[in-house]
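Q: Take this structure, written in structure tokens, and hold onto it; I'll ask about it next.
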Amino acid sequence: MPIMLRVGPQAAPPNRVRPHVLVVDDDESMCALLGAELAARGFEPSLETDPERVLESLRSRDVDVVITDLKMRGMNGVELCERIVAARPDLPVVLLTAHADLNAAVAALRVRAFDFQTKPPDFDALVAVLERAVRQGRLVEEVRALDERTAGDPGHFEGIFGASPPMRELVQLLGRVAAVEASVLIRGESGTGKELIARALHERSRRRGGAFVALNCAAIPENLLEAELFGHVRGAFTDARAERAGLFERARGGTIFLDEIAELHLSLQPKLLRALQERTVRRVGSDREVDVDVRLVTATNTDLSSAVDNRQFRADLFYRLNVIEIVAPPLRDRGRDVLLLAQYFLEQSAHAMNRKVVGLTASCAAKLTAYRWPGNVRELANVIERAVAVTRSSRLTVDDLPDHVRLGHAAQAPTPSDGTEELVPLEEVEHRYIRRVMAATGGNKTLAAQILGVDRRTLYRKDWAEKPLPSPTSTEKKVS
Amino acid sequence: MSAGDRAPDRVVTRSPAATVLLPRFLEHRRRDVAALRAAVECGDFETIRRLGHNMAGNGLSYGFPDMSAIGRRLEIEASAGNALGVSEQVTALEICLEHAEH
């Protein structure tokens, strides 16, 4: 007569801490023993001696993994596995049999069993398999929940979203800060979305009807930056053929976002301070003051207070900029947001490339959550875009990820050697190495510059990070 | 070697869970003896094969390697349709159970 009994802490309600295992074996002694051994190892087992009743049990129970005997009365384990997989493709099934039989193993694989173990079970090995199965099952569940969430309500906050505690705090802070006019300094590693935060502040402020103007202070040579910010009159310098308004004037009524503010040269710092205090600017080459009405949002990926201590940044300007500080959390501290963002980028890329890619496999999701993401959200976006471009399936797999993500090697400094015996000019070695570092950092120029030991300006000057490798004709110079 | 000459089952380490569940296990195996005898009588080798298979799997789990070996031999004899061989293994199982109960 079939039995259905629970083993383990009867008083404790089912919870997600103790994984729930449904043990199926028509031999009551074996079923009971498996249940008792698994209960002793931290699982919450339910026992079923009638395989015909398993599907019904699964409808009413929150089961994490099924472990079933192979040879049973009525329905064998392979058939049962096939039915479970058809009904609940997210639920892992582990098959157990008395003999290590190749045919049985092949049959188990054919019906997509999660794993195959022999009797008597090696409980250490079995527990490892079950834990792995539970992890995978829960990841599949999370990915599906993400699919549903992103399909229904993207949950964006002006382009910023995330369910992790640091992001929830950030979103709350943005809501409070957006309404005030004070200057904001956004601190965070490269790729954490500092410009996105600045845009969100603008969009939520009373200035949203005005322009949002962004400028990277590291990307523009010092001698041109002043004219870019404040404008210039005709003839102010060699190429100033016509009078031109600067960003402060063009953003009137809006917001100026200055990224990498730590790169602002000392000679320009008092001019920026004056513009903020007096709310006027003077075009390069002009004596006339022009009123400006902008909110300034700045960002840095360095410790600006240390730059103040080292006299590389003016203290008065620092305090003027840092009225409100917002910290953009690195992706590695954002937990499962990685999957939420991955799904978002996946949908964006799939739409842009017109590819039918709808989600991630559980193993791919596991790799994404395990990786450290030194290049943060930008690196994730690049990785997903590439994966969507190369994948051959409707869900991204581990094979679609670049090696450094798949192997979990976060931004290890590569060696200059490209593994060939080819002898090339030093210039080309430099070019190749920069490209390798850029690839390893997911296109993060700041991180690449740190690894290369140069400042970002040098990297911009080299402009090799984005240039293609020299054509084969350049090998004419090679020495062999 | 006849079934009656068989050496008693070796003592192996048994987990605390298996020790707790042992009386019930032995009761089920005694029930198997009766079921096996009935199956031999009516030539139901499929039932014998299934019971032997289960015994092969669970005998060792409860610390009875010889019972597992008997289970495997039952499977083989049942697959060959050898009623005499099955009977011999059932007797061996009875002896094994007597030793286990002591």
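The values are calculated or read from the model by the stated rules, or taken from the named source; none is laboratory data. Because the structure is predicted, anything quoted here is derived from the model rather than measured. FYI the Cβ positions are ideal-geometry reconstructions off the backbone, even for glycines, and counts take in every protein chain you see. These accessible areas exclude ligands, DNA and RNA; they are computed on the full protein's heavy atoms, side chains included. Shrake-Rupley method; radii C 1.70, N 1.55, O 1.52, S 1.80 Å.
Q: For region A:230-254, how many residues meet the condition of being under 29 Å from A:Arg206 (Cβ atoms) and outside any helix (DSSP H, G or I)?
A: Number of matching residues: 8.
Q: Filter region A:84-105 down to residues that are closer than 23 Å to B:Ser61 by Cβ and in contact (Cβ under 8 Å) with a residue 40 or more places away in the chain and give me whichever is farthest from the other protein chains (Cβ to nearest Cβ).
A: That would be A:Pro92.
Q: If you scan region A:190-211, which residues turn out to be under 23 Å from A:Tyr319 (Cβ atoms), of a type in the set (D, E, K, R) and part of a loop (DSSP other than H, G, I, E, B)?
A: Selection gives A:Arg207 alone.
Q: Of everything in region B:33-60, what is in contact (Cβ under 8 Å) with a residue 24 or more places away in the chain, within 12 Å of chain A (Cβ to nearest Cβ) and buried (at least 23 other Cβ atoms within 10 Å of the Cβ)? Give them in sequence order.
A: Within region B:33-60, B:Gly52, B:Met55, B:Asn58 meet the criteria.
Q: Within region B:77-97, which residues are of a type in the set (Gly, Ala, Ser), surrounded by 17 or more Cβ atoms within 10 Å (Cβ to Cβ) and closer than 15 Å to B:Glu41 by Cβ?
A: Selection gives B:Ala78 alone.
Q: I'd like to verify a number: residues in region A:108-129 that are away from chain B (no Cβ under 14 Å) and open to solvent by less than 20 Å² (accessible area, probe 1.4 Å), how many?
A: Of the residues in that region, 4 qualify.
Q: When you go through A:Ala307, A:Ala251 one by one, which is the residue that is out of contact with any Ser or Thr (no Cβ under 9 Å at 6 or more places or on another chain) and either open to solvent by less than 20 Å² (accessible area, probe 1.4 Å) or under 19 Å from A:Asn223 (Cβ atoms) (or both)?
A: Criteria check complete, one pass: A:Ala251.
Q: Among the candidates A:Ala214, A:Ala227, single out the residue that is part of a strand (DSSP E or B) and in contact (Cβ under 8 Å) with a residue 12 or more places away in the chain.
A: Answer to the selection: A:Ala214.
Q: Is it the case that A:Gly235 is modelled with pLDDT under 90, within 30 Å of A:Ala387 (Cα to Cα), among the small types (Gly, Ala, Ser) and open to solvent by 30 Å² or more (accessible area, probe 1.4 Å)?
A: On the way: modelled with pLDDT under 90: yes; within 30 Å of A:Ala387 (Cα to Cα): no; among the small types (Gly, Ala, Ser): yes; open to solvent by 30 Å² or more (accessible area, probe 1.4 Å): yes.
No; evaluated as a whole, the condition is false for this residue.
Q: Okay, next question. Quick check, is A:Arg59 surrounded by fewer than 18 Cβ atoms within 10 Å (Cβ to Cβ) and either modelled with pLDDT of 90 or more or closer than 24 Å to A:Thr118 by Cα (or both)?
A: no
Q: Moving to a separate point now. Taking region A:65-83 as the search range and keeping residues that are buried (at least 24 other Cβ atoms within 10 Å of the Cβ) and away from chain B (no Cβ under 14 Å), which one is nearest to A:Ser363 (Cα to Cα)?
A: Here the residue is A:Val65.
Q: Can you pull out the residues in region A:38-56 that are more than 19 Å from B:Glu27 (Cα to Cα), open to solvent by 10 Å² or more (accessible area, probe 1.4 Å) and either over 39 Å from the mean Cα position of the chain (by Cα) or more than 9 Å from chain B (Cβ to nearest Cβ) (or both)?
A: Listed by number, the residues that qualify are A:Arg41, A:Gly42, A:Glu44, A:Asp50, A:Glu52, A:Arg53, A:Leu55, A:Glu56.
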